[in-house]
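See below for the structure under consideration.
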Amino acid sequence: MAIVPAADWRGEMRRVLRERNYAFCDDEAPQLPAAQFEARPGEEAELLHLGLDSSSCDREGQDIDNTLDDEYTFWSSAGTSPDADEHLTYCFKFPLCRLTRVDIKVFRATFQFGDPIYPAQQVSFKIGSSRQNLWQVPGCFQMAASDDWQSYPMPATAPVGQLLMVCLHRKCQMQWGDRRFYVALQQR
């Protein structure tokens, strides 16, 4: 019988699960340009005021408002196939806002075997004055399998608006318990 030190627990759980043909999306994750990972500046204004809706929610207590909460909380999509897209829609604090970047933090489930992380493959953004009047911001960005802050620059041509829709394209991580794919974001 082997006793695994606490520091090696995550690695040991991952080894055991890999032997059972379970994959972690952050194994051999591609390295993205360093500019995508920046320290999150504290002096910049937080523009998000309210979470309006999300395309799905895994369960009660894991809703969009958790992405605005400073506690250890998170939003999780419902479990689906890996090709399902998700979105979250937010209202800004002011009637008209111009974004220079969007910061996102992917959730790592430290309470699940192997500490899986739940990113989307790609993220894109829409900005507008109402849900019926959203414009696609040019570009679709790769999302890293990392729980570090990821910054996505907005082009100078991005529209001004009161709403932001974060569009999450394709899911990377399957949950061991139900064999479904999820995406999850944590507090700002």
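Side notes on the structure shown:
- Selection within the range 86-103 - farther than 15 Å from Pro159 by Cα and in a loop (DSSP other than H, G, I, E, B): Lys93
- All positions within the range 82-117 that are in contact with a Leu (Cβ under 8 Å, 6 or more places away or on another chain), of a type outside the set (Lys, Arg) and either at pLDDT 95 or above or within 20 Å of Asp63 (Cβ to Cβ) (or both): Asp85, Glu86, His87, Leu88, Thr89, Tyr90, Cys91, Phe92, Val102, Ile104, Val106, Phe107
- When Glu60, Glu71 are checked against the criterion of being over 18 Å from Glu46 (Cα atoms) and of a type outside the set (Ser, Thr, Tyr), Glu60 stands alone in meeting it.
Listed here are the residues, each with its yes/no results for (1) under 14 Å from Gln173 (Cα atoms); (2) touching a Pro at 6+ places or on another chain (Cβ under 7 Å); (3) of a type in the set (D, E, K, R).
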| residue | (1), (2), (3) |
| --- | --- |
| Leu88 | no, no, no |
| Leu96 | no, no, no |
| Asp115 | yes, no, yes |
| Val123 | no, no, no |
| Trp135 | no, yes, no |
| Pro153 | no, no, no |
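- If you filter the range 69-86 down to residues that are of a type outside the set (A, V, I, L, M, F, W, C) and buried (at least 20 other Cβ atoms within 10 Å of the Cβ), you find that the one that is nearest to Lys126 (Cα to Cα) is Glu86.
- Unique residue being surrounded by 15 or more Cβ atoms within 10 Å (Cβ to Cβ) and either in contact with a helix residue (DSSP H, G or I) (Cβ under 6 Å, 6 or more places away or on another chain) or modelled with pLDDT of 90 or more (or both) when the list is Arg179, Arg170: Arg170
- Test: Trp135 is outside any loop (DSSP other than H, G, I, E, B), over 16 Å from Trp75 (Cβ atoms) and either touching a residue at least 12 places away in the same chain (Cβ under 8 Å) or not aromatic (Phe, Trp, Tyr) (or both): yes
- Residue in the range 120-127 that is crowded, with 17+ Cβ neighbours inside 10 Å, more than 10 Å from the chain's Cα centre (by Cα), basic (Lys, Arg) and under 19 Å from Ser76 (Cβ atoms) present: no
- So Phe111, is it aromatic (Phe, Trp, Tyr) and part of a strand (DSSP E or B): no
- Residue match in the range 51-59 (condition: part of a loop (DSSP other than H, G, I, E, B), of a type in the set (Asp, Glu) and more than 13 Å from Tyr182 (Cβ to Cβ)): no
- Gly51 vs. criteria of a type outside the set (A, V, I, L, M), at pLDDT 55 or above and over 30 Å from Leu96 (Cβ atoms): no
- In the range 150-163, the residues that are in a strand (DSSP E or B) reach residues that are crowded, with 18+ Cβ neighbours inside 10 Å and among the hydroxyl-bearing types (Ser, Thr, Tyr) with C-beta atoms within less than 8 angstrom, at least six apart or across chains, in these pairs: Leu163/Thr89; Leu163/Tyr90.
- Neighbours by Cβ (under 8 Å, 6+ apart or cross-chain): first from the range 103-121, within 27 Å of Leu164 (Cβ to Cβ); second acidic (Asp, Glu) and assigned to a strand (DSSP E or B): Ala120/Glu86
The values are calculated or read from the model by the stated rules, or taken from the named source; none is laboratory data. No experiment lies behind these values; they were computed from the predicted model shown. Cβ coordinates were reconstructed from backbone atoms using ideal geometry, including for glycine residues, and neighbour counts include every protein chain displayed.
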